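These notes concern the structure reproduced below.
The values are calculated or read from the model by the stated rules, or taken from the named source; none is laboratory data. Note that the coordinates shown come from a computational prediction; the quantities given were computed from them, not determined experimentally. Cβ: placed from backbone, ideal geometry, glycine included. Neighbour counts: every protein chain shown. Note: accessible area is taken over every heavy atom of the protein model, side chains too, but ligands, DNA and RNA are not part of it. Shrake-Rupley method; radii C 1.70, N 1.55, O 1.52, S 1.80 Å.
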Amino acid sequence: MRSPFHSEQEAFRFLLLLILGLLPVVLAAALGPTWLALAVLAVVLVILAARVAQLRMRKLRGLALPVKMAPPHMGSAAERRVLVVANDTLGEEALLREVERLACVPDTHLLLLVPALISPGARLTGAIDGLLDQARVRLKTALDRVGHGLVVAGEISEADPLQAIEDTFAIFAPDEVIVSTRSERAASGLEPRLAGLVRERFAVPVRHLVFEPGSAAREPNRDTEARYRHEFGDAAARKFGLKALAGAGIMAAVLMSMVALVQSSERDEARAASQAAAEQIAALPPVAKMVVLKVIPEGKRGPEGEKHDEFTTTEFVVRAGQPQELRIDNTDEVPHSITAPEAGVNIVVMPGTHTYTLLVKQPGRFLWFCTFRCDEWAMQHPGYMSGYITVS
């Protein structure tokens, strides 16, 4: 699998796309409900998946090959390097004899490249050790059979076959490539169209050795190579397309389920919060539209038996921020007050009957008292000329 950080340009492009993809998701999460962020994430993932699928389809059909390149020659002018790419055909006698023949040619160096053919599923699950061990066994058997340890080397690769060949070109720089496949791709074999892809990708001679069961190796003509390219490319593209559609369906179903779950959870939370608020409001003490009371001098007997001045109502229950009307009949000849400094209340009650407004903005329980000097004992004792304002 090609790394998105293969070069500085690709790394910058990858980070830029990542930022552009995450930006709408972050904005949706900050400005809207959770389900909206999930919906935006789903749209971004669908667009990304569609683009990846498009590029993959082009690659499978051989439409996205880079510009043809020729590696620089390495070694002396007489030296010749040959890259042999094989997997399940590496044990074929005809291929081993050809490697032996080339190894005997003076100034010739060979590299046996064995792509391990690791599927995306195996990469995802980490089940690659068995495939790598299988490739190592095939390579070791071939190297022991061929010999010529100084001129024949071997290497296995976890990358896609074409990517593995491109990586090998950077370190081995072959003058010729031999691709060994079967006419029909096996589970652990290279695709027959690989030779044509290598021929179009690299400006070096490419030989294609095709093995049939029970037959000698043959080199297909141009029409056969074109047929391999068409059949296996279209088949791989169709297979990938079906997988992509299935994966998109599964992803859409999962994301839709997540959105529905989040919406349901948010509705339940809103319903529970509304119900809790309603219960809290219902549990609060009732508030009268108007409280009617009197101020009576020496109207209430104290615990010592003497009569003291009194407000006939000293407990007021109000809602924060909501005005409460008080109709007070002050039967005394002097003014009194309902004063609660912590609540910001100071109502001067004049003689006679008048209507006043009690307004407290913050919830709490606040002590009030009369500030006009009248009955000092009553001014200090709730239930007489003092009491409490309960604000909910």
Taking Cα pairs under 8 Å and at least six residues apart, what relative contact order does the range 254-392 come out at, in percent?
23 percent
With a 1.4 Å probe and all protein chains in place, put I19, I156, I347 in order of accessible area, largest first.
I19, I156, I347
Gain upon complete extension [A159, Q380; 0.36 nm per residue less C-alpha separation]
70.6 nm
Sticking with the crude label model, points 7 Å out along Cα→Cβ, report the distance from L27 to E333 in nm, one decimal please.
7.7 nm
Solvent-accessible surface (1.4 angstrom probe) belonging to D175, in square angstrom, nearest 10
50 Å²
Placing each pseudo-label 7 Å from Cα in the direction of the beta carbon, S264 and M290 end up separated by a distance in nanometres of 5.3 nm
So if I take the centroid of the Cα atoms in the range 156-204 and the same for the range 326-357, what is the distance between those two points in Å?
99 Å
Please report the accessible area of H354 (heavy atoms, 1.4 Å probe, ligands and nucleic acids excluded) in Å², nearest 10.
70 Å²
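Ignoring ligands, DNA and RNA, how do E100, E269, E93 rank by accessible area with a 1.4 Å probe, largest first?
So the residues, ranked largest to smallest area, are E269, E93, E100.
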1/(1 + (r/R0)^6) with r = Cβ-Cβ of V137 and D107, R0 = 25 Å, i.e. FRET efficiency to nearest 0.05, evaluates to 0.25
Taking the convex hull of the Cα atoms, report for the range 267-392 its projected area averaged over all directions, in nm².
8.5 nm²
